[in-house]
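Input: a single structure, listed below in structure tokens.
Throughout, read-outs are computed from the coordinates displayed, never taken from laboratory work. As the structure is a computational prediction, the values presented were derived from the model and not from experiment. Because the Cβ atoms are built from the backbone with ideal geometry, glycine has one as well, and the counts that use them run over all protein chains shown.
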Amino acid sequence: MNKNLQVILMYFITHVGLIFFMYPTDIIESASRTHWVPIFIGMVFHLVFIWIYMKGLSYFPGKNIIDIYMEKGKGLSLIFLIPIIGYFFLANITTVRAYSEIINIVFLSETPLWATMIPFLFIATYIAAKGINVIFHTAFIVACVFLPLFLFIFILSFQNVDWRYFFPLFDIDYSFISNRSYYKSFFSFAGVFLFLGFIQPYHTYDRKKVFLSAILLLPFFLFSVYVPILTFGQATSATFQFPFVTALDSVYISWLVFDRITMFFLISLLIFIMIFLSLLLWMVCSILVHFVPIVKHSYVLYFLSILIFIICVMLPDWKVVENLFWWNTYFRFYVILVIPFSVLIFGVRSKRKVR
Amino acid sequence: MVKLSLKLIFLVFVIVTLTGCWDTKDIDHRLLPVAMGISKEGEEYQVILQVPEPVGGQMKNRIIKESGQTITKTIDTLSGNMESQIDLLHVKVILIDKQLAKEGVKDVISGFMRSRDVSSNALVTICDEDIEKFFNTVSNDLDVNAINLFEFFEKNAGWTPQIALTRVWQVYRSVHSYTHDVAVPIVVSGGSTNIRHMGSAVMKNGKMVETITPDETLLINAFKEESAQGRVEVSDHASVLIISNKTNSKSNFIDDEPSLENVINLKVVLLETKSDHTIELIKEELSTILQERFDGMFTKLQESEADILGLGQHFRNKIPRRELKDWRSKYYQELKMHLSVEIDIQNTGFLKSNSSDQSAN
């Protein structure tokens, strides 16, 4: 059954949820001017690997990525899938912890971390336990309710921009290539795309449309970085922990009912992140269940989220979270490079065999 | 059955945690000050808060003050001594003592930006007298309307284009930015209007370095296209009301010499004339007066090295970023600025005015 719109919306909102916090910080940290260059390079990279990935998957209609690797033997599939598990697991931990930290920094400064993490994880686990269809339906409803609000606030964020901060346009700064932060920023590109390989028997999609929705993300990537720079300038933005949130804080509209629109913005993004989390949990579980088929899917899930919760609580401070984030970069580049290419290679080979 | 009860327990649990209420304090246990004054005595900050309180159906202003090493600590001490907790969420105006402004407000402003207690949209003002005296005078005389100080600066209330509007985040930007400074209004108490606007302070990197008059502030607002509704007197012949304004700038950078051509287009309406002068004369005089005033102010600003007009912005694509750092100290000094004011008199109200060809008849 073709469920294009749901897949596209899922792709879109989960990315949007990931873009607006860490991504601008990383990009602003990695380059001192002409930020559009690292953004475009990242974006081109993103488009190339999702295209390769989707092309590879198209050779195996109706099969998900686990089936594809399983065809090649259990040993090989273990080698390919274990780093994915590691990646998802670390991504889960860093996302839960980082986003509850963000909630604490921005609005619930007196609430202990565990109290923000519990509902976060609990709801994500609950949605994930209900299966992939429910995740997609929830994403659809959430998108209907919160995307308009998000877009409205996104447009408002341009209130204080001074377009001249865009200059210099061509005094290109290449220092980002050697900067750690730049590689961390790939979190926003590579966090989500793998799900396209997991949903196959349940959901099919039109490759072109997913690709188009990826292109549609470009302005969000670009302006998540440029709105703070156009508002404050590079030197000032570099001092902020979450530049976009701070830029949003400076919006002042007297006719608006709510005093601080940042809150509404954050809440819609956090809900998108919850969907993302449930997707992550569901994907890890489906891999795990494949290797240990005796255990029920939901039990693996509960165990996993409790484990994640315990680890999240035990992490002492933000520095450790950033370190975890950095370690995950290795897994991430493995996922970005190896998975799409291997799927494509297997695909091309199996097609030849058929001939 | 077990499953259902488990679900119910979870549901209750979710309802409890999802409210996000932790250590909640009811609104009647919070004090929500609208104005905050900060001065420094020696190493200690003195913080004064103006809190509107309902007394017998009417709003009364209550002034509380405390001093301490840091502002947060001071607020905390105040909270500790009072029956309610002080919540700075609704602070709309921050008054800074002139002396403190001269020493620099970098730490104070960075603190506000970091903790997010005070909205980054709060207005920053400088007080040219003892802050306590200011608060006492202002709130004693106007105890009926508790938020008068805030309304003084509100665009849809007491604000006029002679007043610079500067928010916390803009001051913070001026501390760090290479090319952007701010003008902050100066107020004192007194007179029959309680608050008296004295012009603006020019803040460079968070330090007050120069002052400009209200008329000069109007020009700055005109340059930033925010001067509509401002009234300008034309020597002793007339006064006009600015309806709309538009600025065009053209920047040039030849041999390390920056130059800027500016044209401000003002659309005005004639308000008052004192004797029979032709429209052309009024136009010409208005344009000369504004140009002269601008040139005078600009020389003053150049000497103080504060770029409150954000002129460096026009050179961002011409000066490499490495050298943009020296914009204020190196290039700004040498900037050749040429400003011309073009005036359109949109109408002359209910009365006809003489124009030169009419008077020829």
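Details
- Note that the stretch B:257-312, at 25 °C in a medium of 0.890 mPa s, gets a Stokes-Einstein diffusion coefficient of 177 µm²/s from its Kirkwood radius over C-alpha pairs.
- Packing rank of A:103-111, A:182-190, B:110-118, where each peptide gets the mean count of other beta carbons within 10 Å, highest leading: A:182-190, B:110-118, A:103-111
- Relative contact order (%) - criterion: Cα under 8 Å, at least six apart; region: chain A: 42
- Using the Stokes-Einstein relation with a Kirkwood hydrodynamic radius computed over Cα pairs, the translational diffusion coefficient of the stretch A:120-173 at 25 °C and a viscosity of 0.890 mPa s comes to 167 µm²/s.
- From phi via Karplus (6.51, -1.76, 1.60), per-residue ³J(HN,Hα) for the stretch A:68-84 in Hz, x at Gly/Pro: 4, 6, 4, 4, 8, x, 5, x, 4, 5, 4, 4, 6, 8, 4, x, 5
- The stretch A:1-56-the stretch B:149-194 distance, computed between alpha-carbon centres (Å): 40
- Estimated Rh, the stretch B:29-212: Kirkwood, alpha-carbon pairs, angstrom: 16.4
- Neighbouring Cβ atoms from other chains, within 10 Å of the Cβ of residues in A:105-113, number 3 on average.
- Computed on the stretch B:161-232, the Cα convex hull volume stands at 97 Å³ per residue.
- Of B:K246/B:K330; B:K300/B:K330; B:K65/B:K106; A:K72/A:K296, those spanning more than 27 Å from alpha-carbon to alpha-carbon: B:K246/B:K330
- Under 17 Å from the Cα of A:K319 - aspartates and glutamates, other chains or at least 8 residues apart: A:D26, A:E29, A:E101
- Helix-only [θ]222 nm of the protein assembly as shown, DSSP H runs n ≥ 4, -39500 (n - 2.57) each, per residue, nearest 500: -17000 deg cm²/dmol
- Sorted from greatest to least, the principal axis extents spanned by the alpha carbons of the stretch B:225-350 come out as 57, 23, 22 Å.
- Annotation: aspartates and glutamates with alpha-carbon distance below 17 angstrom to B:K274 (same-chain offsets under eight excluded): B:E233, B:D236, B:E284, B:E285.
- Whole-angstrom Cα spans of the stretch A:159-250 along principal axes, big to small: 49, 33, 26
- Looking at the protein assembly as shown, the DSSP beta bridges with both ends there are about 70 percent antiparallel.
- Rounded to whole numbers, the Karplus 3J(HN,Hα) couplings from phi for the stretch A:143-154 are 5, 4, 7, 9, 4, x, 4, 4, 5, 4, 5, 4 Hz, using 6.51 cos²θ - 1.76 cosθ + 1.60 with θ = phi - 60°, and x at Gly and Pro.
- For the peptide A:242-251, the mean number of other protein chain Cβ atoms found within 10 angstrom of a residue's Cβ is 3.
- Averaging 1/r over every pair of different alpha carbons in chain A and inverting the result gives a Kirkwood radius of 21.0 Å.
- Under 18 Å of direct C-alpha separation, and excluding same-chain neighbours fewer than eight residues apart, B:K352 reaches these aspartates and glutamates: B:E272, B:D276, B:E280, B:D344.
- Placing one equal scatterer on every Cα of the protein assembly as shown and applying the Debye formula, the log10 ratio I(q)/I(0) at q = 0.05, 0.07 Å⁻¹ is -0.32, -0.61.
- Derived value for chain B: Kirkwood hydrodynamic radius 23.3 Å. Basis is the mean of 1/r over every pair of different alpha-carbon atoms.
- Alpha carbon centroid spacing (whole Å) that separates the stretch B:228-276 from the stretch A:233-256: 31
- Extending 7 Å from Cα along the Cβ direction at B:T278 and again at A:F40 yields two label points whose distance is 5.6 nm.
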